[in-house]
Amino acid sequence: MLDQRARLLLKTLIERYIADGEPVGSRSLARISGLELSPATIRNVMADLEDLGFITSPHTSAGRVPTPRGYRLFVDTLLTVQPLQDEQERIIHGSLQIAEPQRAIQTAAQLLSQLSQFAGVVVAPRRASTFRQVEFLRLSDKRVLLIIVTPEGDVQNRIIVTEQAYTHAQLVEAANFLNQNFAGLSFADARRRLQGELAELRGEIARLMEAAVQAGSEAAQASDPVVVSGEHNLLGVNDLASDLPKLRALFDLFEHKTRLMQLLDQSGRSQGVQIFIGGDSTVVPLDEMSVVVAPYEVDGRVVGTLGVIGPTRMAYERVIPIVDITAKLLSNALSRE
C-alpha cells in the first residue's frame, strides 16, 4: 500500500511522536528522516498518509499525530524491537525465583508495572477447587489455621474458629483422614462424601473436618482472577489523564475484573506477544489505550495471560520484550517442581 519513502516517513513520525508527545511537522520530519526531500514533498506524502487514515492533524497544530490505524501498521511491519537490557532481565529473573505460585503472579504484575511505568496485569490460573493436601495448625484454644495445598502447589490459608479446643493429635488425625480419603476431590465433593461418613467419626473430629471443607470451598471461590499493579501510573499519562470521562472508563475497566479478564484472555489462544490498539480493535475500550499481552504456561500448558496496559503512545519496542521475557520467566517459575 505504501512505498518505501512513505513507510520511512510514517515510521519516523511515529517514533518522534512517541518520544516527544508533540505533533510532528513537515520541517521537523525533513530534518530527522535522513531523506533528502523538501518540506513541500514531505507535506505531500503526509497528506497522502492522512488520506489513508494513518495520521491526523490536531486542531491546535499544523503537525500530525498517528491514528490507531497508523500505530497498527507501525507495530505490525515497521517496528524494530529492542533486546531487553541485561539489567532488566536480571531484575525479572531474580525477582521471579519464588516457589509459591500466587506470590510469583503478584510479583510478575509488579515487575511489568515497574519496568514499563504503566499498569501491569496478570490473569491468574483458574483456581482449582480441589486440594492435594491439607494441614491444621493450632493458633489458640478455638482458632485453627487451615493450610490448603492445591494440585498446582499454591498454598492458601484460612482461619477456622471452632466451638471447642483441639489437641495437636486431633488436628493430625483430622488432616490425615482428609488427605487419605478426599485428596484430589473438590471441596464440594468432599463435603458431600463427608456427610455420609460423619456417623462413623467421633463428633468433635467430624465437626472440624466439616468446617475445613467449608473453608476450603470459600477459599477457592474468593481467589481474585486478575492481579493489577501500577494503575496509578496512568494518572501521569497526559493522553489519558487529560480527559476525565476516558480516565473514568479506564479505571472502571480495572474495577470490573471480568471485563479485564475477557480482554486479556484474547491472547490465551495464540502464541507469543500480541498487541491490541484502541480504535482498531473491538477488544480495547479506549482509542488512546493499548494492551501488550502474552500467555504463560505451567508444564507446557497455557494457564493464563499477562501484559501491560498503557497509552497508544507507548514505546512498543521497549514494552514488548518486557512482556515477552516476563511471560517466559513466570512460566519457568510456575513449572518448577
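The table that follows gives values for the structure above.
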item: Note, ³J(HN,Hα) from phi for segment 298-308, Karplus 6.51, -1.76, 1.60, rounded to Hz, x at Gly and Pro; result: 10, 6, x, 10, 5, 10, x, 9, 9, x, 10
item: Segment 62-139: translational diffusion in µm²/s, Stokes-Einstein, Kirkwood Rh over Cα pairs, 4 °C, 1.567 mPa s; result: 77
item: Accessible area of Asp287 in the full protein assembly, 1.4 Å probe (Å², nearest 10); result: 90
item: Under Karplus coefficients 6.51, -1.76 and 1.60, residue-wise ³J(HN,Hα) of segment 29-44 in Hz, glycine/proline x; result: 5, 5, 6, 9, 6, x, 8, 8, 10, 6, x, 5, 5, 5, 4, 5
item: Test item: Cα-centred dipole of segment 70-147, Lys/Arg +1 and Asp/Glu -1 on Cβ, debye; result: 540
item: Cut-off under 5 Å, modelled amide H: who pairs with Arg64 long-range; result: Val24, Gly25
item: About the Cα centre, charge dipole magnitude for the chain (Lys/Arg +1, Asp/Glu -1 at Cβ), debye; result: 120
item: Gaussian network model of the chain, springs between alpha carbon atoms under 10 Å - residue of His93, His256, His168 with greatest fluctuation; result: His168
item: Accessible surface of the chain, 1.4 Å probe, proportion on carbon and sulfur as whole %; result: 47
item: Residue among Val161, Phe187, Gln274 farthest towards the positive dipole end of the chain, charges placed on Cβ; result: Gln274
item: For segment 25-87: relative contact order, % (alpha-carbon pairs under 8 angstrom, 6 or more apart); result: 22
item: Ellipsoid equivalent to segment 230-327 - semi-axes via the Cα gyration tensor, in Å; result: 23, 14, 12
item: Prolate/oblate/rounded call for segment 1-81, Cα gyration tensor, a/c under 1.5 rounded; result: rounded
item: P(r) of the chain over all Cα-Cα pairs, binned every 10 Å from zero, in whole percent; result: 5, 22, 23, 19, 13, 8, 5, 3, 1, 0
item: Residue with peak Gaussian network fluctuation, the chain [Cα springs, cutoff 10 Å], from Ala119, Ala294, Ala99; result: Ala99
item: Neighbourhood net charge (15 Å Cβ-Cβ; Lys/Arg +1, Asp/Glu -1) for Leu244; result: -2
item: Mean Cα-pair separation over length for the chain, i.e. relative contact order, pairs under 8 Å, 6 or more apart, %; result: 20
item: Rg/Rh for segment 27-66, where both radii come from Cα atoms and Rh is the Kirkwood radius; result: 0.96
item: Segment 37-160 - percent relative contact order, Cα under 8 Å, separation 6 or more; result: 12
item: Residues of the chain: accessible area per residue with a 1.4 Å probe, Å²; result: 49
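The values are calculated or read from the model by the stated rules, or taken from the named source; none is laboratory data. The structure displayed is predicted, hence computed values, not measured ones. Note: ideal-geometry Cβ built from the backbone for every residue, glycine included; neighbour counts use all protein chains shown. Side chains are part of the model used for accessible areas, which takes the heavy atoms of the whole protein and leaves out ligands, DNA and RNA. Shrake-Rupley method; radii C 1.70, N 1.55, O 1.52, S 1.80 Å.
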